[in-house]
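The values are calculated or read from the model by the stated rules, or taken from the named source; none is laboratory data. Fair warning: this is a prediction, and the values are worked out from it, not measured in the lab. Cβ coordinates were reconstructed from backbone atoms using ideal geometry, including for glycine residues, and neighbour counts include every protein chain displayed. We work out accessible area using only protein heavy atoms, side chains counted, and drop any ligands, DNA or RNA first. Shrake-Rupley method; radii C 1.70, N 1.55, O 1.52, S 1.80 Å.
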Amino acid sequence: MSMLGMKWKLHGTGKSIRPGHVVAPDERLAWPLTIGVGMQHVVAMFGATFLVPIITGMPPATTLFFSGIGTLLFLVITKGRVPSYLGSSFAFIAPIMASQQQFGVPGALGGVVLAGVALALIGAIVQKFGAGWINRLMPPIVTGAIVALIGLNLAPAAKMNFDAAPITAVITLATIILVSVLFRGIIGRLSILVGVVVGYLVAMLRGEVNYEKMDAAAWVGLPQFQTPEFHLGVLGLFVPVVLVLVAENIGHVKSVAAMTGQNLDGVSGRALMADGAATVLAGLGGGSGTTTYAENIGVMAATKVYSTAAYWVAGTFAIVLSFSPKFGELIATVPPGVLGGAATMLYGMIGILGVKIWVQNKVNFSNPVNLTTAAVALIIGIADYTWTIGELKFTGIALGSAAALVIYHGMKSIAQARGTAAEPETEQSDLPPAVKAAVNAAAKRAPKKR
């Protein structure tokens, strides 16, 4: 059982957390408390995990099933060292919607599988050689640009749903905004879920909800499984997603390591491989691609319980819920107005997460390499530039991501060769003004190659 990460020590008496301590991944509280924490993790992931299949038209129950299976698989592959829940990744929304228009749902699932395979391969390389090369390939300016353009590229989709029922959408969005500042703890963290519930009630009163499919569905039954089809044309849509998942996964592992006080560098590759394997399984059966969830990291930070036992409970409960077709169809009744209000917030949050990466890493936009990388990539992504080569169709996300990588590394190489890099890549805010001025002056006096 220890090889599966299922051998837990009891934390103290199991009934409380000792002051100044946390429940480590290899510990657990008494089972009633552990089950309660696990249920809380299900609530935390619920809203975001279900929004992806609802927005993309995928079966919600199937996505829930594979999120539970993926979470358990993740715990096994990482040997119980990384407490994490694998829910639906928002990075897949744009490529799934775009590929559905051209190749239908099976084609989109094929793209999910390919993204999972690529992520698992990158994980294997990281496990073998370390993650340093990823940081060199995708420094914060590039990672931030890719994350931002994925969110902002979805703005037209949010507007389309918003316009379908503006009143419901406004109430949904306003509720999300107010709940996030009116309440503390878990309710404040679940502002999107609360907003969707309130918006749904408003939509019911306005006659915007259709229950025909839910009434016809059985209480108990198998999720709706689908098989993928593979088309060369989806590659350009899904490759950028892999870059985002890598950055997101490594960031989450580092967050968990910081909170638990454990060095998890040795399993960062395993975490990527597990995420990739879970995404492959989801794509093979009709679910959305997965990723480690920040929402559940927030629950751990609030409860101080990092026990993987709670995640075994959460994954198992998600699987059990997925075997109710009626429950799945109930989730699928969420109308466009509610989705429009929630998506306005969600897509904007994805965009701002990219900006947050820049801020946290003190990216210096006085440096022309950084400025140009972000400026060109964002416009290509937001305007959704397209480039078709035979069967391959590259859209704004793929082209914007490629532009960020090519422009950054190309400009940096030229600047270094010519000696024209006068500004540092990161802000030196921790230095006194006089020192900063001296550093900048020295950089400008550096001899330039001709």
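Too long at a 27 Å Cα-Cα cut-off: which of 9/304; 128/254; 159/362; 15/356? Walk me through the numbers on the way to the answer.
Values: 9/304 16 Å; 128/254 18 Å; 159/362 32 Å; 15/356 38 Å.
Too far apart for the 27 Å limit: 159/362; 15/356.
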For residue 290, distant residues with modelled amide H under 5 Å away:
89, 279
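Taking square-rooted eigenvalues a ≥ b ≥ c of the alpha carbon gyration tensor, is segment 112-175 rounded, prolate or oblate, where a/c under 1.5 means rounded and, failing that, a/b exceeding b/c means prolate?
prolate
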Heavy-atom accessible area per residue of the chain, all protein chains kept, 1.4 Å probe, expressed in Å², is 44 Å²
Compute the helix-to-body angle for 140-153: its Cα long axis versus the longest principal axis of the chain, expressed 0 to 90° and rounded to tens.
50 degrees
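Determine the shape class of segment 241-362: with a ≥ b ≥ c the square roots of the Cα gyration tensor eigenvalues, call it rounded for a/c under 1.5, and otherwise prolate if a/b is greater than b/c, oblate otherwise. Before the final figure, lay out each step's value.
On the way: a/c = 1.65, a/b = 1.24, b/c = 1.33.
Note, shape of segment 241-362 comes out oblate.
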Pop the C-beta distance of residue 415 and residue 232 into the FRET formula with R0 = 35 Å and round what comes out to the nearest 0.05.
0.45
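If you take every residue apart from residue 9 with its C-beta less than 10 Å away from the C-beta of residue 9, what net charge results, scoring Lys and Arg +1 and Asp and Glu -1?
Working: positive: 7, 28; negative: 26, 27.
Computed value for this residue: 0.
How large is the charge dipole for the chain, taken about the Cα centre, if only the Cβ atoms of Lys, Arg (+1) and Asp, Glu (-1) carry charge, to the nearest 20 debye? Write down the numbers at each step before the final one.
Details: 29 positive and 18 negative charges, 321 e Å.
In total the dipole reaches around 1540 debye.
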Give the percent of DSSP beta bridges with both residues in the chain that are antiparallel, rounded to the nearest 5.
70 percent
Sorting 31, 50, 12 by the position of each Cα along the dipole of segment 1-98 (Lys, Arg +1; Asp, Glu -1; all at Cβ), the one nearest the positive end of that ordering is 12
At residue 167 and residue 356, where each label point lies 7 Å from the Cα along Cα→Cβ, what is the point-to-point distance in nanometres?
3.4 nm
Kindly write out, for segment 325-332 in residue order, the coupling ³J(HN,Hα) from the Karplus curve 6.51 cos²θ - 1.76 cosθ + 1.60 (θ = phi - 60°), rounded to whole Hz, with x marking Gly and Pro.
x, 5, 4, x, 5, 4, 4, 6
To the nearest 10 square angstrom, what accessible area does residue 362 show with a 1.4 Å probe?
90 Å²
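In what order, largest first, do 11, 252, 409, 21 sit by accessible area if the probe radius is 1.4 Å? Before the final figure, lay out the partial values.
Working: 11 0, 252 30, 409 60, 21 90 Å².
Of 11, 252, 409, 21, the descending order of accessible area is 21, 409, 252, 11.
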Between 0 and 90 degrees, rounded to the nearest ten: what's the tilt of helix 166-182 against the longest Cα principal axis of the chain?
80 degrees
Positive end of the charge dipole of the chain (Lys, Arg +1 and Asp, Glu -1 on Cβ, about the Cα centre): tell me which of 173, 137, 154 has its Cα farthest that way.
137
Over the chain, calculate the relative contact order: mean separation of alpha carbon pairs under 8 Å at least 6 apart, over the residue count, as a percent.
30 percent
Convert each backbone phi in segment 215-225 into a coupling constant with the Karplus relation 6.51 cos²θ - 1.76 cosθ + 1.60 (shift: θ = phi - 60°), then list the ³J(HN,Hα) values in order as whole Hz, x for Gly and Pro.
5, 7, 7, 7, 6, 10, x, 6, x, 7, 8
Determine the calculated [θ] at 222 nm for the chain from helices alone, applying -39500 (n - 2.57) to every DSSP H run no shorter than 4 residues and normalising by the residue count; nearest 500 deg cm²/dmol.
-22500 deg cm²/dmol
For the chain, take the longest principal axis of its alpha carbons; what is the angle in degrees between that and the long axis of helix 368-383, to the nearest 10 within 0 to 90?
40 degrees
Simple spin-label estimate for residue 135 and residue 13 in nanometres, 7 Å along Cα-Cβ:
4.4 nm
Give me the aspartates and glutamates in straight-line cross-link reach of residue 79: C-alpha distance below 13 Å, same-chain residues under 8 apart excluded.
26
Over the heavy atoms of residue 133, what accessible area does a 1.4 Å probe trace out, to the nearest 10 Å²?
80 Å²
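What percentage of the solvent-accessible surface of segment 247-329, computed with a 1.4 Å probe over protein heavy atoms, is contributed by carbon and sulfur atoms?
On the way: 1530 of 2370 Å².
After summing per-atom areas, the C and S share lands at 65 percent.
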